[in-house]
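See below for the structure under consideration.
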Amino acid sequence: LGVFAVFFYPHLHKLFAERGWQLLILVMLIRPISQVFPRFTWLRYVMMLRKELGIIAWALLLAHGLGFFLQMGISPFAIFTDASYWNFKEMMAWGIIGAIVCIPLVATSNLFSMKIFGGTWKWIQRLSYVLFISGGIHVILLKPRDMIETIVPMLIWIVLWILAQSKVVIWKAK
């Protein structure tokens, strides 16, 4: 419910963005770290909360977007009528892509959807990769001086993801 504070304090949208991005990084790193380093058994508990953490990240990022539009006095629906928001050399377009991708992710982050979609459900949830990459580009374009803070976690994720997909295990469980 704290996310609704953005309607009363739209200037907090930057705080929501930072916390949402940090949580998204955590959510994206949990699985590949646990696959590559299975000895980190404590990650099993975090893995069980991954879906919920992803939904919290979504709520924070949604609050960021709404807060931005409220603070700027712009209708969120302007993205559908004003082509200037879709300039991919600017950060706004990448944020919008992330917001759009969040819709099917959040809508299907439940057991009911898992049962309905079956094996397709995992493919839908892989849209989180698009969210993570577009979010990273959004942050890099917004704060180019702090680029290293965004690129490092993204590169770590890419390396861990490749290792996990290749079934590389670095530190086996006992």
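The values are calculated or read from the model by the stated rules, or taken from the named source; none is laboratory data. These figures come from a predicted structure and were not determined experimentally. Methodologically, a virtual Cβ is constructed for each residue, glycine included, from the backbone with ideal geometry; neighbour enumeration extends over all protein chains shown. Remember, those area values only see protein heavy atoms, side chains included, never the ligands or the DNA or RNA. Shrake-Rupley method; radii C 1.70, N 1.55, O 1.52, S 1.80 Å.
The Rg/Rh ratio for the range 37-85, using Cα coordinates for both the radius of gyration and the Kirkwood hydrodynamic radius, is 1.31. Long hydrophobic helices in the chain, taken as whole DSSP H segments with a C-alpha length of 20 Å or more on their own axis and mean Kyte-Doolittle hydropathy at least 1.0: 50-72, 91-107, 127-142, 147-165.
According to the calculation over all Cα-Cα pairs in the range 77-121, the P(r) per 10 Å bin from zero is 25, 35, 21, 19, 0 %. Take the Cα radius of gyration of the range 1-102 and divide it by 2.2 N^0.38 Å, N being the number of residues; the result is 1.27.
Across the range 131-155, the residues whose backbone nitrogen lies under 12 Å from the label position 7 Å along the beta-carbon direction of Lys14 are 143.
Electrostatic tally near Met72: other residues with Cβ closer than 15 Å to its Cβ, Lys and Arg +1, Asp and Glu -1, net -1. The calculated P(r) of the range 100-143, using every Cα pair and 5 Å bins from 0, goes 5, 22, 27, 19, 11, 8, 5, 3, 0 in percent.
Per residue, the convex hull around the alpha carbon atoms of the chain comes to 139 Å³. Taking a sphere under 14 Å around the Cβ of Val46 and counting the other residues whose Cβ falls inside, with K and R at +1 and D and E at -1, yields a net charge of +3. Let's test this: bin the Cα-Cα distances of the range 54-134 at 5 Å from zero up to the farthest pair and state each bin's percent. Taking all Cα pairs of the range 54-134, the binned fractions are 3, 14, 23, 22, 16, 11, 7, 4, 0 percent.
Could I get the Rg over Rh figure for the range 77-174? Both from C-alpha atoms, Rh via Kirkwood, rounded to two places.
My calculation puts Rg/Rh at 1.07.
A 1.4 Å probe run over the protein chains yields, for the range 26-173, 62 Å² of accessible area per residue, whole-number rounding. Compute for the range 11-66: radius of gyration divided by Kirkwood radius, i.e. Rg/Rh, restricted to C-alpha atoms, rounded to two decimals. Answer for the range 11-66: 1.10. Only protein heavy atoms count here; under a 1.4 Å probe, Leu66 has an accessible surface of about 50 Å².
Per-peptide packing, taken as the mean over residues of other Cβ atoms within 10 Å, places 98-105, 41-48, 150-157 in the sequence 98-105, 150-157, 41-48 from highest down. The ellipsoid that matches the Cα gyration tensor of the range 121-174 has semi-axes, each √(5λ) in whole angstrom, of 26, 17, 7, with the longest given first. Spatially close Lys pairs in the chain, defined by Cα atoms under 27 Å apart and a spacing of eight or more places or different chains, total 11. Centre-to-centre separation between the Cα atoms of the range 99-174 and those of the range 29-87: 10 Å.
Roughly how many percent of the accessible protein surface of the range 1-149 is carbon and sulfur, given a 1.4 Å probe and a whole-percent answer?
Reported share for carbon and sulfur atoms: 71 percent.
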